[in-house]
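The block underneath contains the structure these notes are about, expressed in structure tokens.
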Amino acid sequence: MAAKVIHGPEVAEQIRQELRVKIAQLKERGTVPGLAVVLAGEDPASQQYVRNKVKACQELGLHSRTVLLPDDASEADVLNAVDELNSDPAIHGFLVQLPLPKHIDENKVIMRIDPSKDADGFHPINVGRMLIGDPVFLPATPSGIQEMLLRSGNDPDGKHVVIVGRSNIVGKPLAAILMQKKKGANATVTVCHSRTRGLADIVRTGDIVVAAIGSPGFITADMIKEGAVVIDVGTNRVDDPSAKRGYRWVGDVDFDAVSVKASAITPVPGGVGPMTIVMLMKNTVTAACRAAGIER
Ligand code: GUN
């Protein structure tokens with residue numbers, strides 16, 4: 001069976017259409033939703049993400065601001081940038097791109113973000129609210145994955161979802177979102193990681209497999225149950241002398257082999273990436289609606 005390819009840009013466009021309606025309502029009331037990103041350092045994947053975010057804001061007519069800091073910026077520099085955005089009324093949501101340079105304490109920076117402007121949903125208050133099922137902002141990548149599943153006809157309700165990777169950005173929040181007693185969730189969730197024994201056997205029991213480990217081609221066809229739905233969150237830059245730029249982006253899944261067995265699969269690029277961006281826009285619009293006192 002050849003898997004149906006779930007195209008992130010198509011699903012993202014549906015959500016953008018819905019957002020355009022909200023953004024028009026906000027503009028009628030004199031509010032332009034504003035999103036900012038703080039980027040410290042020169043990580044190429046982070047730079048690409050920030051470029052994509054600015055482009056997405058422009059396409060939707062959102063106000064956007066990027067604060068660029070050098071690799072050797074101090075923790076105080078980053079905290080100052082956060083303070084400034086916390087008090088900027090034109091910015092409804094913002095994020096600090098991770099990973100930060102090693103000498104900066106990420107937790108300290110995240111704690112400094114005003115939870116009502118936390119477009120990433122990474123502040124402990126927002127993480128706690130997500131876990132108890134009363135979210136303010138859901139983290140963009142996991143909520144984008146949930147939307148992709150639902151809008152491609154793969155409701156996780158009652159299914160066994162195996163998540164490979166336990167990061168605070170993807171694995172843990174996705175588990176929290178999909179296990180909720182809620183429409184569009186209600187999954188049985190297993191989280192595997194680098195210390196999991198018998199990982200391949202567990203992944204083979206997944207009706208839905210989410211790969212978020214950051215290891216190119218880690219998920220091979222023998223780990224996938226016939227007909228499973230496979231979501232690839234990996235964005236790994238690998239050298240490729242035949243590519244124009246000398247590199248290309250690949251996922252955590254061996255796409256060619258796995259797509260013969262799976263019933264649906266997301267590609268890299270063109271899968272989860274565009275969803276992350278659009279869900280960030282959604283969080284920003286939600287924050288602006290709250291600030292303007294209009295129903296979301
Ligand atoms: N780095 C990789 N993904 C993300 C994300 O969703 N948010 C932030 N802030 N940093 C990231």
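Being out of contact with any strand residue (DSSP E or B) (no Cβ under 8 Å at 6 or more places or on another chain) and more than 17 Å from THR276 (Cα to Cα) is the filter; apply it to the range 137-175 and report the residue that is surrounded by the most Cβ atoms within 10 Å (Cβ to Cβ). Among them, the one singled out is ASP155. Taking the criterion of being of a type in the set (Ser, Thr, Tyr) and not in a loop (DSSP other than H, G, I, E, B), the residues of the range 44-103 that qualify are SER46, TYR49, SER64, THR66. For the range 177-188, the set of residues classified as hydrophobic (A, V, I, L, M, F, W, C), touching a helix residue (DSSP H, G or I) at 6+ places or on another chain (Cβ under 8 Å) and surrounded by fewer than 21 Cβ atoms within 10 Å (Cβ to Cβ) consists of ALA185 only. Does any residue of the range 190-199 turn out to be within 22 Å of ARG129 (Cβ to Cβ) and surrounded by fewer than 22 Cβ atoms within 10 Å (Cβ to Cβ)? Yes, that holds for at least one residue.
So that you can scan it fast, the table gives a plain yes or no per residue for (1) under 20 Å from the mean Cα position of the chain (by Cα); (2) under 30 Å from LEU26 (Cβ atoms); (3) surrounded by fewer than 17 Cβ atoms within 10 Å (Cβ to Cβ):
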residue	(1), (2), (3)
ILE213	yes, no, no
ASP222	no, no, yes
GLU226	no, no, yes
VAL233	yes, no, no
SER242	no, no, yes
PRO269	yes, no, yes
VAL272	yes, yes, no
CYS289	no, yes, no
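For ARG237, the conditions (1) surrounded by fewer than 18 Cβ atoms within 10 Å (Cβ to Cβ); (2) part of a loop (DSSP other than H, G, I, E, B); (3) of a type outside the set (Asp, Glu) all hold with the exception of (2).
Remark: pairs (first residue in the range 277-293, within 13 Å of the ligand (Cβ to nearest atom); second residue of a type in the set (S, T, N, Q) and at pLDDT 95 or above; Cβ separation under 7 Å; 6+ apart in sequence or on different chains) = MET279/SER143.
The values are calculated or read from the model by the stated rules, or taken from the named source; none is laboratory data. All values reported here derive from a predicted model rather than from experimental measurement. Cβ atoms come from the backbone with ideal geometry, glycine included; neighbour counts cover every protein chain shown.
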